[in-house]
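Visitor: Just dropping this structure here.
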Amino acid sequence: MTPHDDEDMTATDRMLEAARRTPPDVPARLMARVLEDADALQPAIAPAMAPHPALWRRIAAGIGGWQGVGGLVAATCAGIWIGVSPPAAIPDAGAYLLGYEMGATASSTAELTSFGWDLDEG
Amino acid sequence: MPPDALSTVTDDALLVLYANGDPSAARVLTTRLLPRVFAQARRMLGDDSEAEDVAQESMLRLWRIAPEWRQGEAQVTTWLYKVCANLCTDRLRKRRGVALEEVSEPADPAPTAVQRMQDRSRSDALQTALNALPDRQRQAVVLRHIEGLANPEIAAVMDISPRAVESLTARGKRALAALLAGRRAELGYEDDTP
């Protein structure tokens, strides 16, 4: 490489460096055009998803709303009460099935099951 | 999200935000990327009006690809430089046969009248010399020495190996120096201190 080549290369380096230091200004109209494009092509914001109803709300809706739930609660309470303290007139089905106190059960229910027979027999 | 809050967000994350409908992401991306593609197109084409069209088209393609962009797979800048380079190449191919003198020269403002004239002359001379380079050499020189990209990134933009980039930039710069050699005195480089 000759001294002239070196000088040419140095001058070229300096011109390239100057070009790098002074990037062209972006014309305002170009900026506006690009932003218009961006606006026109931007996908719409996805609509916010409605929150998924809670499980108990879905169950309540399935059985008829609050009225249905009220009826179910009342029936459940009655069932529990009957189970805990059955009326004397109702046979104890559990004991009957297990074979306990068969005689007592049969005799205590005889008045109901034989209603009217005793009258006929005089 | 306000634009200030997005200033530290990466380009690909901004692109995802744009695709998700964030209204500020496009403005931040445009402010960040448009000057780079515009400068690249201007140096490649040597024509402001065509450079504007190419820069706009490059950004348009970015907006279109946004919904499919996968974070971390590619650099947004590399992708954009590549799109811009391809669009410039297409235009240069169509333009074959147009005399170099007919290509309008970019204008650069400078402080004083004399300085302004000299800077303008140098910028014009550089652009004229760049225009005279083969397309691939010009692209490599612009990306390496004006846009300041590293060789691997230029290789990705131009779809060639980093060694080929080295070779192209070296040959391009030598050719540029040869083209400018006869104009050193005229451009004030004989008695200028570096």
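Visitor: If you count, for each residue, the other Cβ atoms within 10 Å and average over each peptide, how do B:64-77, A:27-40, B:17-30 line up from highest to lowest? Before the final figure, lay out the partial values.
Guide: On the way: B:64-77: 13.6, A:27-40: 15.4, B:17-30: 19.2.
Result, highest mean Cβ count within 10 Å first: B:17-30, A:27-40, B:64-77.
Visitor: Average partner chain C-beta neighbours within 10 Å, per residue of B:47-60? Present the calculation step by step, with values, prior to reporting the outcome.
Guide: On the way: counts 0, 3, 1, 0, 3, 6, 2, 0, 6, 6, 2, 1, 7, 6.
So the per-residue partner count for this stretch is 3.
Visitor: Can you pull the mean other chain C-beta count within 10 Å for peptide A:27-35? It would help to have the intermediate numbers written out before the result.
Guide: On the way: counts 6, 0, 1, 11, 8, 0, 6, 17, 6.
For this peptide, the per-residue mean of nearby foreign Cβ atoms is 6.
Visitor: Related question: Could you tell me the total accessible area buried at the A-B interface, probe 1.4 Å, in square angstrom to the nearest hundred? Provide the component values of the computation, followed by the final result.
Guide: On the way: alone 11200 and 10890 Å², together 18720 Å².
For A against B, buried area totals roughly 3400 Å².
Visitor: How shielded is B:23-31 by partner chains, expressed as the average number of their Cβ atoms within 10 Å of its Cβ atoms?
Guide: Mean partner-chain Cβ count within 10 Å for B:23-31: 3.
The values are calculated or read from the model by the stated rules, or taken from the named source; none is laboratory data. A quick note: this is a predicted structure, and the numbers were derived from the prediction, not measured. FYI the Cβ positions are ideal-geometry reconstructions off the backbone, even for glycines, and counts take in every protein chain you see. With ligands, DNA and RNA removed, areas are computed over all heavy atoms of the protein, side chains included. Shrake-Rupley method; radii C 1.70, N 1.55, O 1.52, S 1.80 Å.
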